[in-house]
1. Given the condition within 27 Å of Lys190 (Cβ to Cβ), among the acidic types (Asp, Glu) and at pLDDT below 90, answer yes or no: does some residue in the range 332-342 qualify?
2. Going by what's in this entry, would Thr195 be described as closer than 27 Å to Ser240 by Cβ and outside the structural domain of Leu237 (by TED's automatic domain parsing)?
3. Quick check on Arg159: is it out of contact with any Lys or Arg (no Cβ under 8 Å at 6 or more places or on another chain) and at pLDDT below 80?
4. Specify which of the listed residues (Ile265, Ile299, Ile324, Ile284) is over 29 Å from Lys222 (Cβ atoms) and hydrophobic (A, V, I, L, M, F, W, C).
5. If I filter the range 257-289 down to residues being of a type in the set (D, E, K, R) and at pLDDT 90 or above, which single residue comes out as nearest to Gly313 (Cα to Cα)?
6. Among the residues of the range 25-56, what is the count of those that are touching a residue at least 24 places away in the same chain (Cβ under 8 Å), of a type outside the set (D, E, K, R) and more than 22 Å from Gly143 (Cβ to Cβ)?
7. Looking for whichever is touching a strand residue (DSSP E or B) at 6+ places or on another chain (Cβ under 9 Å), under 21 Å from Leu150 (Cβ atoms) and part of a helix (DSSP H, G or I) here; the options are Met12, Met47. Which one fits?
8. Of the residues that sit in the range 1-57 and are among the hydroxyl-bearing types (Ser, Thr, Tyr) and touching a Phe, Trp or Tyr at 6+ places or on another chain (Cβ under 9 Å), which one is surrounded by the fewest Cβ atoms within 10 Å (Cβ to Cβ)?
Amino acid sequence: MTQGIKSGMRRMIIDKMLVEKGAVSFEELVAVLKVSAPTVKRDLRYMREMLNAPIRFSSTRGGYFYDDESKPEAAGAKTKGKRDDAAEGARRPKPKLWYTSEELLALANMIELLGRLGEDPESMLAKDLAPLRARALNLFTLGGMEPSELARRVRVVSREKAFREPDTFETIGVALCARRRLEMHYYNPKRDDTTVRVISPMRLVHANNRWYVDAFDHTTDKLKTFLIENVRRAEILEKSVRRMTLKAVAKELDGGYGMFRSRNIETAVIRFDKSIASYILREIWHEKQEVVPEEDGSILLKVPYASGTELVGDVLRWGDKAEILEPPKLRNEMIDAARRLCARYDRKAH
């Protein structure tokens, strides 16, 4: 028997037949789908186990049917005739025929990333990634198209470029797992100088395509966030890290907008024009942000922050479509940044 219909399409046909006919015999499924009996059994098992389809079999009903498990029959009662298919269809959970936007994005990103790493000759995981990618690819089963073809027809555009961190990234990771202190030479590009610090690594953080290490800085006796690409040299020490819970680290560092945070948190109020409101609604500026729609279609974004530098930079990318309203200090920072930007272009114009 030839394989006439692909797996995803077969499941859609099975669902349609069960909805329209109420009960379908196994022989009818084989005949309509034009595949072997074992293939039909695999499809039914997949729909039950992977798609949570409430498919049952009853010889008195004449085959397979959708069962409403939320309303079981009384003990000893016998099923007579067909159920009201319209009423049952409204009650029972429908098997999934397509992905949510979140599922599709996660799958596409995972497959692309695993493929990229599998082709990296320096990757320690390369030989183990091929079967993992194959398993992820096999999750592309909805919609009736072959997984490899569907993967080719889903394109995720990202501005992030794969960037290999310096060798100190590995040293910091080892120190984190070994729970050991680290001596590092840290470069500050604003001051153009390098300082030697002893830190206790607490966690690694990836944001805006950069890796950071949150650590207790024994030089200043404070929790701080360090950009790993600025760690020029790192050496693991014998002494154990300072004991501190991740809850305490989060409380200290996760309060405001951006990567460089503190306990001195203020709330910024930013207005975005109607023309870009839909874009802003798709972004998460902070887990505690508040979005307030305005009558004219614009939106107000209220976001906690500690340092205005990052926030001003991100608002600037929206040009004259965004305006910082509060607090006055942050608004003045934006005005100063805009003036410096205009001055730079004025110099080049002359």
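1. No, the range 332-342 contains no residue that is within 27 Å of Lys190 (Cβ to Cβ), among the acidic types (Asp, Glu) and at pLDDT below 90.
2. So Thr195 does not fit the description; no.
3. The answer is yes for Arg159.
4. Just one listed residue meets the conditions, Ile299.
5. Ranking the qualifying residues of the range 257-289, first place goes to Arg271.
6. Residues that pass the stated criteria total 3.
7. None of the other options fit; the residue is Met47.
8. Ser25
The values are calculated or read from the model by the stated rules, or taken from the named source; none is laboratory data. Predicted model, so just to flag it, every value in this text is computed and none were measured. Backbone-built Cβ (ideal geometry, glycine too); neighbour counts: all protein chains shown.
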